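In what follows, a structure is listed as structure tokens, so that the remarks can point back to it.
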Amino acid sequence: MVVRILAGCRATTGAVMSEDDLFRQVVEHAADAMYLVAPGGDILDVNRASCEMLGYRRQELLELSILDIIDGMSPERLTEILQLIGPGTPWTGEYFHIRKDGSRVPVEVRVGAFMSDQRKLRVAFARDITKRQEAEKSLRQSEERFAGIFRSAMDAIIIMDSGGRIELFNEAAEKVFGCSTSEVTGQPLDRFLSPNLRAAIAESLHAFASGEETHRYLWHENGLTAIRATKEEFPVEATFSRFTVSGEPLYTIILRDVNEKTKSEARISRLEQETSYLREEIDSERPFGDFVGNSAAILSVFKAAETVAGTESTVLITGETGTGKELVARAIHSASTRSEKPLVKVNCAALPHGLIESELFGHEKGAFTGATMRRLGRFELADAGTIFLDEIGDMPVDVQVKLLRVLQEGEFERVGGTRTMKVNVRVVAATNRNLKQAVEDGNFRADLFYRLDVFPIHVPALRERPEDIPLLVRYFVAKFAARSGKTVETIPNSAMNYLLAYEWPGNVRELENLVERAVILTRGTELEFGDWLQQSVAGPDAGQDLALDDVQKNHILRVLKLAGGKVSGKGGAAELLGLKPTTLESRIKKLGIQRTR
């Protein structure tokens, strides 16, 4: 009969418990599972924790071998372990216990030997290490995450000990300082510190020592700098913090190279100032909408547009192609009481003759071949808003009749429909044609012309307001430079003189396209028009048969005309040409230019 060594009976109530009974009670209530194992591996006895861990009753466990409850333990390995163990020479390992329900629980097993009744017995202690393994796994994951963050951080991270020696140096630090981790580990950090950064760190260490704080942003009134391995000094931003590991203080410096940032901030600051200056200058010269200019001719357009904007009157805008008639229409709409409603644009010259009526008034399903569904016309879309009829001089005569009805009565029918539609639309029309002449030629209805010509606004050609050319050039340069990410600071006087002397048949649109091309070609901060400027503004054969003096003479005459004959002073020819007044006077005399001209 096996003597119960581990789990003896409880002491009789009221009796004094012997040392053996006390020991047995301690074993029975121990937190770790304990097994008494015979030399062959049979389980001779267990404590309560063994039953609870494995889900067996005590008697069930006594019928098992240690091989039945330890996963992966072979008989040969068990024999080897039991033979190795003697008094005072325990064995320890980690295995999985197999529970009664088949599940596994990780355990740390420790086996020792002792003699009992001339028999060498083994006692095994098993501790559930599930929580410990989870904690270790969590710690490994945390360490891996920290290592990943430390390696991949964009900022340089340096950890130093209390003696100022480098312990850790991440990849960003290697790039910033130009040296490898192996070169600097254990070396003093001082080699990378400028005097101002060293002083900032010393101040922080003093604050840490006094217990004031454990994290500081490093600062110096003239900015902080660090030193690369090449001895190059560069500007930085840095934080400094203190933490403790095993009672020993360690210090972390997180440092960012702001060399490029400093340069970028300077460039941005300059660009912002330039943009602000240009915006103020342009705004002061653009009293109405997107128009640029301060000439008397264009100011009269601004005034007329402002005057009529708040009314419901029909407006007829005339002017050459490229003068900005659509901009006037948009400005009138934006300043009107209808500004919250749509501005619908119709280019009468771009629509096919057979479709213009459908575009304006819409059509019903089946009205013509291809009309597979009802479609609303532009007048319906513009209801309560404004419709802009561009190039109205090209509208077919048969459509002009229906347009006249809309203007007079606000009514129309869709193509193929019988229902009369009512709309409340303000009409702004524009043309580059002479409508009076078109009326005389029978190409435009007189009644429609007079209905449109309620409030005429004529937009002058660019050649009629040359004093606006410099403003327009600066405006377009700022616009296209911002769009292309370039910085254009100056415009050559010689180029500006060519632009002032040109007749501009394409008006503002031509100037805009020319400036856009120049911005694209510009490589530095000065606007580069290239050799094609003279050809663009003067034609390829211009001046071909003229001597140099003749070219200069004609050019000075044009500029004098622009300046109203004024040579010196604000807006004078000398200023426009970028010359001293005395130099210009000398050239005028040399070229034989007479003041009467």
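Write out the trypsin sites (Lys or Arg not before Pro) in the stretch 157-247 meeting two conditions: DSSP loop, and at most 15 other Cβ atoms within 10 Å of their Cβ.
228, 231
The largest accessible area among 101, 468 belongs to the first residue in 101, 468, and the rest follow in falling order (1.4 Å probe, all chains). Annotation: amide H-H contacts under 5 Å for residue 37 (H modelled 1.01 Å from N, sequence separation of 5 or more, or interchain): 44, 122, 123, 124.
Count the net charge of all other residues whose Cβ sits under 10 Å from the Cβ of residue 315, scoring Lys and Arg as +1 and Asp and Glu as -1.
0
Look at the alpha carbon pairs under 8 Å that are at least 6 residues apart: their mean separation over the length of the chain gives a relative contact order of 8 percent. Rounded to the nearest 500, the 222 nm mean residue ellipticity of the chain from helices alone is -12500 deg cm²/dmol, with -39,500 (n - 2.57) taken per DSSP H run of at least 4 residues. Kindly flag which residue pairs out of 231/486; 345/479; 261/486; 303/422; 365/436 have an alpha-carbon separation exceeding 28 Å in this structure. Violating the 28 Å Cα-Cα cut-off are 231/486; 303/422; 365/436. Residues in the stretch 487-492 carry Karplus couplings, in order, of 10, 10, 9, 9, 10, x Hz; the curve used is 6.51 cos²θ - 1.76 cosθ + 1.60 with θ = phi - 60°, and Gly or Pro positions show x. Taking a straight line from the alpha carbon of residue 566, these aspartates and glutamates sit under 13 Å away, with near neighbours fewer than eight places off in the same chain left out: 575, 585.
Per the Kirkwood formula applied to alpha carbons, the stretch 384-516 shows a radius of gyration over Rh ratio, Rg over Rh, of 1.15. Taking GluC sites (Glu not before Pro) across the stretch 157-241, the ones in a DSSP loop with at most 10 further Cβ atoms lying within 10 angstrom of their Cβ are 212, 221. Around the amide H of residue 457, modelled in the peptide plane, lie the amide H atoms of 316, 317, 318, all under 5 Å away and 5 or more residues distant in sequence or on another chain. Taking chymotrypsin sites (Phe, Trp or Tyr not before Pro) in DSSP loop states with no more than 13 other Cβ atoms inside 10 Å as exposed sites, the chain has its longest site-free stretch at 369-597. Residue 138 sits with roughly 60 Å² accessible to a 1.4 Å probe, with DNA, RNA and ligands left out of the calculation.
Using C-alpha pairs under 8 Å with a sequence gap of at least 6, the mean separation divided by the residue count of the stretch 382-486 gives a relative contact order of 29 percent.
For the stretch 322-468, what relative contact order do you get, as a whole percent, if you take Cα pairs closer than 8 Å and at least 6 residues apart?
It comes to 25 percent, rounded to a whole number.
Charge tally around residue 516: other residues with Cβ under 15 Å, Lys/Arg +1 each, Asp/Glu -1 each, net +3.
Working out 0.36 nm times the residue gap between residue 131 and residue 373, then minus their Cα-Cα distance, what length gain in nm do you get to one decimal? Before the final figure, lay out each step's value.
Numbers: separation 242, 0.36 × 242 = 87.12 nm, distance 7.23 nm.
Extra length available between residue 131 and residue 373 comes to 79.9 nm.
When the alpha-carbon atoms of the stretch 320-367 are used, the pair Rg, Dmax equals 14.4, 41 angstrom. In sequence order, the stretch 225-237 has phi-based couplings of 9, 10, 10, 6, 4, 7, 6, 6, 8, 9, x, 9, 10 Hz under the Karplus curve 6.51 cos²θ - 1.76 cosθ + 1.60, θ = phi - 60°, and Gly or Pro positions carry x.
If a spin label sat at a point 7 angstrom from the Cα of residue 436 along the line to its beta carbon, the backbone N atoms of the stretch 390-413 nearer than 19 Å would be those of 392-394. Using the Karplus relation 6.51 cos²θ - 1.76 cosθ + 1.60 with θ = phi - 60°, the per-residue 3J(HN,Hα) values for the stretch 177-194 come to 8, x, 8, 8, 4, 4, 6, 10, 4, x, 8, x, 5, 3, 4, 9, 9, 6 Hz, with x marking Gly and Pro. If you take all other residues with their beta carbon under 12 Å from the beta carbon of residue 372, and give Lys and Arg +1 and Asp and Glu -1, the sum is +2. Label-to-label distance for residue 365 and residue 222 is 8.3 nm, based on points extended 7 Å past Cα in the beta-carbon direction.
Measuring r between the beta carbons of residue 422 and residue 214 and using R0 = 60 Å, the FRET efficiency lands at 0.20. The figure for residue 440 is an accessible area of roughly 140 square angstrom, using a 1.4 Å probe on the protein chains alone.
Given a 1.4 Å probe and the protein chains as shown, residue 333 ends up with an accessible area of around 10 Å². Using only side-chain charges placed at the Cβ, +1 for Lys and Arg and -1 for Asp and Glu, the dipole size of the chain relative to its Cα centre rounds to 1280 debye.
Database remark: amide H of residue 70 closer than 5 angstrom to the amide H of 98 (H placed geometrically; neighbours at sequence offset of 5 or more, or on other chains; Pro and chain starts carry no H).
Each part reduced to its alpha carbon centroid, the stretch 320-369 and the stretch 171-185 end up 66 Å apart.
Report the percentage of all Cα-Cα pairs in the stretch 137-255 whose separation exceeds 21 Å, rounded to a whole percent. In whole percent, the long-distance tail amounts to 37.
Surface composition of the chain: carbon and sulfur make up 51 percent of the accessible area, probe 1.4 Å.
Full extension of the chain between residue 334 and residue 52 yields a length gain of 93.1 nm, computed as 0.36 nm times the residue separation minus the alpha carbon distance. Helix 469-484 and the longest principal axis of the Cα set of the chain meet at an angle near 20°.
Can you give the Kirkwood hydrodynamic radius for the stretch 279-416, in Å, rounded to one decimal and based on Cα pairs? Here the Kirkwood hydrodynamic radius works out to 16.6 Å.
Against the set [x] 1.34; [y] 1.13; [z] 1.06, the structure's computed Rg/Rh (Cα atoms, Kirkwood Rh) falls on [x].
The values are calculated or read from the model by the stated rules, or taken from the named source; none is laboratory data. Model, not experiment: these values are computed from the prediction. Every residue, glycine among them, receives a Cβ derived from its backbone with ideal geometry; neighbour counts consider all protein chains shown. In case anyone asks, the SASA skips ligands and DNA or RNA and just uses the protein heavy atoms, side chains included. Shrake-Rupley method; radii C 1.70, N 1.55, O 1.52, S 1.80 Å.
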